[in-house]
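Everything below concerns the one structure shown next.
The values are calculated or read from the model by the stated rules, or taken from the named source; none is laboratory data. Keep in mind the model is a prediction, meaning the values are calculated, not measured. Cβ atoms come from the backbone with ideal geometry, glycine included; neighbour counts cover every protein chain shown. The protein model used for the area step is the full one, side chains on, heavy atoms only, and it has no ligands, DNA or RNA in it. Shrake-Rupley method; radii C 1.70, N 1.55, O 1.52, S 1.80 Å.
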Amino acid sequence: MIDQSEPTTPAETLGALKPPRCAMCRARMTLLRSEPDAGGGDKCTFTCPKCEFVKTKVVGGPPDLSRHRPPKKTRRPQTR
């Protein structure tokens, strides 16, 4: 049985999504539109009510691994 209190689809998680802060003036942005993304998530477009800055963010779907840094290489102490 599915627990109805937890979101089950990316669209249902939008209600629980905390809008980001504007990169220009730091005001809380508002959700302008949400549309399905090709990767299985939702493409959300936010707008700032103060300065009209627009930001697009993908919510849900598989994680974007290209944004992760590779692990640091550790140097081994030289032995002589």
ARG76 in a strand (DSSP E or B), modelled with pLDDT under 95 and either of a type in the set (D, E, K, R) or open to solvent by 100 Å² or more (accessible area, probe 1.4 Å) (or both): no
Complete set of residues in region 37-55 that are touching a residue at least 12 places away in the same chain (Cβ under 8 Å) and in a loop (DSSP other than H, G, I, E, B): ASP37, GLY39, GLY40, GLY41, CYS48, PRO49, LYS50, CYS51, PHE53
Single condition PRO63 does not satisfy, out of (1) at pLDDT below 85; (2) open to solvent by less than 80 Å² (accessible area, probe 1.4 Å); (3) under 13 Å from the mean Cα position of the chain (by Cα): (2)
Search result, residues across region 2-31 that are more than 21 Å from GLU52 (Cβ to Cβ) and either modelled with pLDDT of 85 or more or touching a helix residue (DSSP H, G or I) at 6+ places or on another chain (Cβ under 9 Å) (or both): GLU6, PRO7
